[in-house]
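Remarks on the structure that follows.
Values in this text are rule-based calculations from the coordinates and carry no lab data. A quick note: this is a predicted structure, and the numbers were derived from the prediction, not measured. In this analysis, Cβ positions are derived from the backbone assuming ideal geometry, glycine residues included, and neighbour counts consider all displayed protein chains.
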Amino acid sequence: MYDVMKGLLTITLSAACIVLAASCTGNSGKLKSFTPGEIWPDNNGVHINAHGGGILKVGKTYYWYGEHKTEGTAGNVAHVGIHCYSSRDLYNWKDEGIALAVTHDPESDIREGMVIERPKVIFNEKTGKYVMWFHLERDPQYIDGRTGIAVADAPQGPFTYIRCTRATPKSWPDNVTDFHKGPVAEGLQDVTNLLPDQDPDVVNTLGRDFEQGQHSRDMTLFVDVDGKAYHICSSESNTTLHINELTDDYLDFTGRYIRIFPGRRLEAPAIFIHDGRYYMMMSGCTGWAPNPGHSASAPSIWGPWEEMGNPCVGEGKETTFDSQSTFFITLDDGRVIYMGDRWRPENAIDGRYVWLPVEFNEDGSYSLRWQDSWSL
Ligand code: GAL
């Protein structure tokens with residue numbers, strides 16, 4: 001099925017690739033620039049299929065992991081799995097195949113038709129394993145709010161699925177208050193999105209989920225300079241972000257976490273560190289539709305996190321240039337690249353990528369500016 005679709009897509013996209021190749025490759029036929037929002041052909045001339053993705057650098061090679069989308073509206077849920085590509089220059093990507101495949105076992109958590117989103121992979125120096133975490137909903141209606149974990153011995157996989165879980169069951173965050181340990185509003189449902197007029201710190205979503213574990217929806221992973229890893233997710237019915245510390249093997253939560261931006265309804269968290277300061281970007285909660293981005297910074301992963309407004313400047317800033325944050329790539333020389341998704345929910349496989357350079361400002365904030373084409 002995957003091969004058939006891949007073949008069809010090659011034919012469909014080949015005309016677009018010829019046009020693209022004429023505009024941004026040299027005589028070598030290799031890409032030499034980023035063209036945000038355009039078709040991005042891989043080594044086979046097929047549009048890269050790695051949405052909601054993240055990058056891991058291993059030696060001199062970058063690996064890009066993302067959701068493999070398929071055609072039409074049906075393609076918004078997982079029919080194939082997590083796709084992996086590799087590159088030395090970030091422009092030209094080789095198809096490494098499916099790193100984590102969905103199953104056809106009706107008992108499996110990662111069976112075809114489930115929601116498997118925003119995969120991120122980190123390497124654990126102590127165990128020598130590549131560890132993948134992703135957003136998992138064992139129901140296409142997004143009512144589960146879990147994170148899945150898989151491991152591999154090689155960066156391109158194959159990854160073996162281990163388990164899924166809610167975040168940090170039976171643990172209170174460092175910044176818990178007495179209110180959270182008190183009663184939960186009567187009738188408060190375990191819903192995907194809290195009602196617009198409900199405040200998590202009035203109805204007590206944190207207390208609601210204490211026993212079974214906190215929601216983990218849009219998520220990312222981050223390895224700090226000391227090797228400690230963190231899982232950052234949209235929690236409490238998509239109203240509040242949580243930063244969770246991971247165990248030394250990166251396979252579990254330690255139970256230590258904090259809540260950040262309570263009640264701000266932010267998702268799509270992406271994080272980077274620059275000159276010793278921690279920066280984050282998030283989107284609002286409007287599903288596949290783009291909205292204005294949000295930025296924040298902190299002196300340490302544990303905060304205090306301070307919001308800094310929409311980092312996008314110029315035309316297109318109200319929709320994050322028709323994209324939603326997924327990851328930041330930090331180059332060896334300290335430059336940082338924003339990775340965003342331009343979703344196409346009516347034909348998921350046609351989703352595009354918006355990569356832009358991060359500009360640092362004197363006041364400690366950062367900006368993103370649209371570019372039709374740019375290079376490093
Ligand atoms: C977005 C989220 C995506 C996907 C989508 C489904 O808000 O960032 O990863 O879950 O909702 O509607």
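Here is how the numbers come out for the structure above:
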item: Range of Cα positions in segment 29-186 per principal axis (Å), largest first; result: 64, 38, 31
item: Stretch gain in nm, segment residue 57-residue 373, where the contour uses 0.36 nm per residue and the Cα spacing is subtracted; result: 111.4 nm
item: Percentage, to the nearest whole number, of Cα pairs in the chain over 34 Å apart; result: 23
item: Computed [θ] at 222 nm, deg cm²/dmol, the chain (DSSP H ≥ 4; -39,500 (n - 2.57); rounded to nearest 500); result: -2500 deg cm²/dmol
item: Rounded, prolate or oblate (a/c below 1.5 giving rounded, otherwise prolate when a/b exceeds b/c) for segment 109-194 by Cα gyration tensor; result: oblate
item: Cβ charges +1 (Lys, Arg) and -1 (Asp, Glu), total dipole of the chain, debye; result: 720
item: Selection from 59, 216, 312 lying farthest towards where the dipole of the chain points positive, charges on Cβ; result: 59
item: Given charges at beta-carbon only (K, R positive; D, E negative), |dipole| of segment 195-308 in Debye; result: 200
item: Segment 287-376, relative contact order [Cα under 8 Å, separation at least 6], %; result: 24
item: Per DSSP, loop chymotrypsin sites (Phe, Trp or Tyr not before Pro) in segment 82-170 with at most 14 further Cβ within 10 Å; result: none
item: Computed FRET value (nearest 0.05) for residue 107 with residue 139, which takes r as the C-beta separation and R₀ as 22 Å; result: 0.95
item: Partner lysines for residue 170 [C-alpha distance under 20 Å; skip if fewer than 8 residues away on the same chain]; result: 181
item: In degrees, nearest ten, helix 2-24 long axis to first principal axis of the chain (Cα); result: 70
item: Distance in nm between pseudo-label sites at residue 300 and residue 224 (7 Å out along the Cβ direction from Cα); result: 0.7
item: Computed magnitude of the charge dipole of segment 260-326 (debye, nearest 20; Cβ of K, R +1, Cβ of D, E -1); result: 160
item: Relative contact order (%) - criterion: Cα under 8 Å, at least six apart; region: the chain; result: 13
item: Over 28 Å (Cα to Cα) - which of 32/317; 120/317; 32/126 fall in this group; result: 32/126
